[in-house]
Amino acid sequence: MRGRPGRGILSAALACGLLVSGCTDEPVPLPPESTTAVPTTTATTPPDVVTPAPPAVPTPTVASPTETASTPAFQELRATLELFSREKLQEGASAILIKAKVGSQEWTHAAGVRSRDGRVAAQPGDRFQVGGQVRTMIAVSVMKLVDEGRLRLDDAITTLLPTAIVPATNPVTIRQLLGNRVDLPGAQADALLAQVVEQLRGAPLDAVLRTDILAPLNLGSTGLLGANTGVPDDLVHGYVRIGSDTVDVTSPGTPGSAASAGLMSSVEDITRFQAALLNGQLMSPQSLIDMKSTVFADYGLGLDHWHDRCTNGTYFGHAGDVPGYGSIAISSADGNRQLAIFMAYPPLPAAQQPSALALEMTGVAQVALNTVCRFQFR
């Protein structure tokens, strides 16, 4: 996906009932949802799980006593996201994971199954393929090279990679690739940036990301899924529709480049990464300013931008949309309000990108986070 599913879908219909999209597949019988609430003043308690006979649609969980300390705004945020999860499972999604954080209040939600041919329930710590989220991580590694004086944002890509084939009449710069200002598919832009990082570091992209981001932040569930890595047991499977067949697309094919191998992560890791990035833990203050500065009205350098109605400022993050999977992770500028939603799509024709579900997930995420401040002005 090239970066940012649209911002224009936030309508009254979405805020009240959420948009409905998906496919006509019969939903897989699913185990009940798993929900974890972290209290604001007491120790963490085990997640609530309701275990009736397996229904066609998961039964909502029962709130634990620790949730009574939640603010009304956080309860509404949770209700909005639980409704979205139930609707998508009814429409054929096989799994949905959500993590929301507002100040000291945290809530993690898992519903569905890891694979359509199994009965293993999806867990809050499971991994998904998260597509475009890799763009932000590659951008961090690029900005670290800028901080070290080994790279300039206005360097031409053909100067750094003389053999690169870039279909453009004028020189294409690193800044343009990071900012989606070049008429290239997102995966191709990511691959070019990854090659630059690999060449200057003298190491493959997965090793660079581990040194720059994953190891310092202890993001143990995040990494590139390549042809030789195998499929981890806790990786939720994704599916597409090819003709009349439902095809499992979890295992990568032969990747065209390191970046195209795909990123896998958990909702916990993605929110922790975004908080560290926005709090200035991964690069110099100037490089973070450059990343957050808008190139288009709603895109910076490897970061999507959305309007934060609570502060009249900006949400930062990224969306991901690859065959079988969708993801959205957004955060307030100070990292105090965060939300990540991962979905294993209902089987859809592989050619549909960006999918309507990716656009819907982005809108729902904004609506949910904006509920937190609506209560401040009542």
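Assorted remarks:
- In a reduced charge model with +1 at each Lys and Arg Cβ and -1 at each Asp and Glu Cβ, the stretch 85-141 shows a dipole moment near 80 debye about its Cα centre.
- Cα gyration tensor shape for the stretch 173-247, rounded if a/c is under 1.5, else prolate or oblate: oblate
- Check: the stretch 270-331 dipole with +1 on Lys, Arg Cβ and -1 on Asp, Glu Cβ, in debye: 180
- Under the combined filter of DSSP loop state and at most 16 neighbouring Cβ atoms within 10 Å, the stretch 70-129 retains these trypsin sites (Lys or Arg not before Pro): Arg119.
- For the stretch 146-199 and the stretch 258-337, distance of Cα centres in Å: 20
Each value in this text was obtained by applying a stated rule to the coordinates, not by laboratory testing. Being a predicted model, the structure only gives us computed values, none of them experimental. Virtual Cβ from ideal backbone geometry, glycine too; neighbours counted across all protein chains shown.
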